[in-house]
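Below is one structure, written out as structure tokens; the observations come after it.
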Amino acid sequence: MKIIYKGKTKDVLEENGKFYLKFKDDMTGTDGVFDTGGNEVAGSIEGAGHECLKVSKYLFEKIEDAGIKSHYISSDLDKNIMEVEKALPFGKGLEVITRFKAVGSFYRRYGLYVEEGQDLPLYTEITLKDDAHDDPLITKEGLVALNILTVEEYDEIIRLNKEISKIVKNVLAEHGLELYDIKLEYGKIEGSNEIVLIDEVSGGNMRAYKDGKYIEPLEVSKYLGI
């Protein structure tokens, strides 16, 4: 397989016109400390890629069962690869975050107005994928003004993200986990205007808790029984 893009935690591969994501054991972080929201590789943990792919496979299939299309086609857990439809990101990439609890950067920004851990009503925000500028928040008006999204595309992404986030929240709840927030990505299938979920849906995308205790990203599969 030919590597056509090298990412922090995944590479994009191509072979005979088919496209794959290769999940690596590298983990993101800040100043050498592992953190799912970090913008640099903090190190590697053996088996991390396998765990992220395993959870992604499980959740992509749950999302598909709910009637929502994504770029996901299939997975080979032995090779740590996921076959996907080729999809084009918006701009240089967007991260769409839905928050059920006031934690993390949301609480750090708005702590004057909210208590830590307070319930939030499917609050959704978008950041630019821009490591050099710490993935800045951007408004709907900003995305339209910069020609990254149209108004219609923005509205569809927000609608999709809330629906998918609720599906993931309900799946986790069935296994005794509570979803505090989740970060997802979207793109358009090449040659189509259809907006779909892309990238991965793993413990590395979310904050999950059990009985008020934070669950480490690589432990999520254990609670899902996969």
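Only Cα pairs under 8 Å and 6+ residues apart enter the sum, and on that basis the relative contact order of the chain stands at 19 percent.
Normalising the average separation of contacting C-alpha pairs (under 8 angstrom, six or more residues apart) by the number of residues puts the relative contact order of the stretch 158-226 at 27 percent.
For the chain, the longest stretch holding no GluC sites (Glu not before Pro) located in a DSSP loop with at most 12 other Cβ atoms within 10 Å is which? After excluding every exposed loop site, the longest remaining stretch is 117-189.
Loop-located chymotrypsin sites (Phe, Trp or Tyr not before Pro) across the stretch 109-190 with a Cβ neighbour count of 12 or fewer within 10 Å are TYR113, with loop assigned by DSSP. What Kirkwood Rh does the chain have if only Cα atoms enter the pairwise 1/r average? Answer in Å. In the chain this quantity evaluates to 18.0 Å. Shown here for the stretch 74-109: trypsin sites (Lys or Arg not before Pro) in loop regions (DSSP other than H, G, I, E, B) with at most 13 other Cβ atoms within 10 Å, namely LYS79, LYS92. Note on the chain: dipole from Cβ charges, positive end direction compared against GLY49, SER165, MET1; the farthest Cα belongs to SER165.
For the chain, with all protein chains in place and a probe radius of 1.4 Å, 48% of the accessible heavy-atom surface sits on carbon or sulfur. Along the stretch 9-18 the Karplus relation, 6.51 cos²θ - 1.76 cosθ + 1.60 evaluated at θ = phi - 60°, assigns HN-Hα couplings of 10, 9, 10, 9, 10, 9, 8, 6, x, 9 Hz to successive residues, with x for each Gly and Pro. Note on GLU178/LYS129: beta-carbon distance plugged into 1/(1 + (r/R0)^6) with R0 of 22 Å gives a FRET efficiency of 0.20. Placing unit charges on the Cβ atoms only, positive for Lys and Arg and negative for Asp and Glu, gives the chain a dipole magnitude near 120 debye about its Cα centre.
Note on MET1: accessible area approximately 110 square angstrom, rounded to 10, probe 1.4 Å, nucleic acids and ligands left out. Using the Cβ-Cβ distance between LEU77 and ALA145 with R0 set to 25 Å, the FRET efficiency from 1/(1 + (r/R0)^6) comes to roughly 0.05.
With only alpha-carbon atoms in the gyration tensor, what are the semi-axes of the equivalent ellipsoid for the stretch 80-192, in Å, largest first?
Gyration-tensor ellipsoid for the stretch 80-192: 25, 20, 13 Å.
With respect to the cross-link table entries LYS2/LYS166; LYS24/LYS92; LYS24/LYS188, which display a Cα-Cα separation exceeding 27 Å? Pairs exceeding the cut-off: LYS2/LYS166. Summarised in one figure, the compactness ratio Rg/Rh of the stretch 138-226, Cα atoms and Kirkwood Rh, is 1.06. Solvent-accessible area per residue in the chain equals 51 Å², computed with a 1.4 angstrom probe and all protein chains kept.
The values are calculated or read from the model by the stated rules, or taken from the named source; none is laboratory data. Predicted model, so just to flag it, every value in this text is computed and none were measured. Backbone-built Cβ (ideal geometry, glycine too); neighbour counts: all protein chains shown. Just the protein is used for accessible areas: all its heavy atoms, side chains included, with ligands, DNA and RNA removed. Shrake-Rupley method; radii C 1.70, N 1.55, O 1.52, S 1.80 Å.
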